[in-house]
């Protein structure tokens, strides 16, 4: 059973069976959600109504610059969300690792990856989160790291809890970790969410279901990996991120 | 390879992504320092209090979240070209891209629908102060880009 087998929720856009995987398609399909996805209520007044302009970019275009963040060095423990406070956070300790790849499958080394998430209780350490679940004083839920020479990132954290939101009656988000990835050109900038395998909330979540093609939704779900799992210590999950191609990378 | 799909930044990133120096892209005494500020509003004209804005210029990167009134404020360097501006937010399943032009004379603007090109030009409010509002939807919707 995979996410592919699951029907989309009625509120989401229909999947496009005509989309082909990149191996058999000359131009990669657009896997991103549309701006307007009414099942996710907040899109209704925030989705632009005009189609975007597609300007020709020259190789010197400002959008192709490599964003610098050197004034904010990454600390040695920033990748470990369980060691940011005096005590250990409550919850199921996990390892999340994978690679950041470019549109041609090449690893992206030395790029910044930021993650943030709810605590095991489903509560964010954010002042506006009103979910009546306990905050964990030993968990902020923010981490960062740079990818290594093979494009690998690795975080140690706590499995985030699910939480309710007010999008529709009895709305719950599947457990997820937010990811922010830079790449080597500003046009590759990506913010997304990583989910956990087998979550029963998938078919009910308009944010995940906003991704039109079920195969693309499946690529937002991490895989349990016994090789990443560390005996007597933590389960391991693997998840790779593929960034968009820049105009001058395409063949 | 097909890129990983985008998902919304959500409402609860303010304890994670913003940092104190994020909006202060250049030092105060930088010869080209300008203040770039404005508001992000939705299709009803209401402020968007949970947006995250990023700009990228040669050797520079800035990040600023909006306040309760939808406002943001960068200190960055003036340019003859444009400043790419990326806006993330709750309700934005993927970010919107725009460009901040400090001058209405930039040649590229001639390619943009005259009725809408003004949304790409920052309004000069003082010697070193520019205002650029982002209207996500509706009347005067900002011109957004895709690459």
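When A:67, A:59 are screened for being facing chain B (nearest Cβ under 9 Å), closer than 25 Å to residue B:83 by Cβ and part of a loop (DSSP other than H, G, I, E, B), only A:67 passes. Of all residues assigned to the stretch A:196-219, none qualifies as being under 19 Å from the mean Cα position of the chain (by Cα) and either modelled with pLDDT under 95 or in a strand (DSSP E or B) (or both).
Checked against (1) at pLDDT below 95; (2) surrounded by 16 or more Cβ atoms within 10 Å (Cβ to Cβ), residue A:130 passes all but condition (2).
The numbered conditions (1) more than 30 Å from residue B:138 (Cα to Cα); (2) at pLDDT below 95; (3) part of a loop (DSSP other than H, G, I, E, B); (4) away from chain B (no Cβ under 11 Å) are all true for residue A:4 except (3). Can you say whether residue B:53 is touching a residue at least 12 places away in the same chain (Cβ under 8 Å), within 14 Å of the chain's Cα centre (by Cα) and surrounded by 24 or more Cβ atoms within 10 Å (Cβ to Cβ), as far as the supplied structure shows? Yes. Residues that are outside any strand (DSSP E or B) and under 20 Å from residue A:64 (Cβ atoms) were ranked within the stretch A:226-248; the one that is farthest from the other protein chains (Cβ to nearest Cβ) is A:248. Inside the stretch A:170-190, residues that are more than 23 Å from residue A:237 (Cβ to Cβ) and in contact with a helix residue (DSSP H, G or I) (Cβ under 8 Å, 6 or more places away or on another chain) make up a count of 4.
Taken over the stretch A:32-46, the criterion of being touching a strand residue (DSSP E or B) at 6+ places or on another chain (Cβ under 9 Å) and either touching a residue at least 12 places away in the same chain (Cβ under 8 Å) or more than 19 Å from residue A:206 (Cα to Cα) (or both) is satisfied by A:35, A:42.
Residue-wise test of (1) touching a residue at least 12 places away in the same chain (Cβ under 8 Å); (2) over 19 Å from the mean Cα position of the chain (by Cα).
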position	(1), (2)
B:4	no, yes
B:7	yes, yes
B:13	yes, no
B:22	yes, no
B:26	yes, no
B:30	yes, yes
B:33	yes, no
B:39	yes, no
B:45	yes, no
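Only strands (runs of 3 or more DSSP E) whose full extent lies in the stretch B:18-97 are considered here, and the ones with at least 3 residues that are closer than 17 Å to residue A:186 by Cα and either in contact with a helix residue (DSSP H, G or I) (Cβ under 9 Å, 6 or more places away or on another chain) or more than 7 Å from every other protein chain (Cβ to nearest Cβ) (or both) are B:51-57, B:60-65, B:82-89. Among the residues of the stretch A:8-40, those identified as more than 8 Å from chain B (Cβ to nearest Cβ) and modelled with pLDDT of 90 or more are A:30, A:36, A:38, A:39. Comparison of A:148, A:80 shows that the only residue that is more than 14 Å from every other protein chain (Cβ to nearest Cβ), under 18 Å from the mean Cα position of the chain (by Cα) and at pLDDT 95 or above is A:80. Reported count of residues in the stretch A:217-227, each being farther than 16 Å from residue A:199 by Cα and buried (at least 19 other Cβ atoms within 10 Å of the Cβ), is 0.
The values are calculated or read from the model by the stated rules, or taken from the named source; none is laboratory data. Since we're looking at a predicted model, the values are computed, not measured. Here the Cβ is made from the backbone with ideal geometry for all residues, glycine too, and neighbour counts use every protein chain on show.
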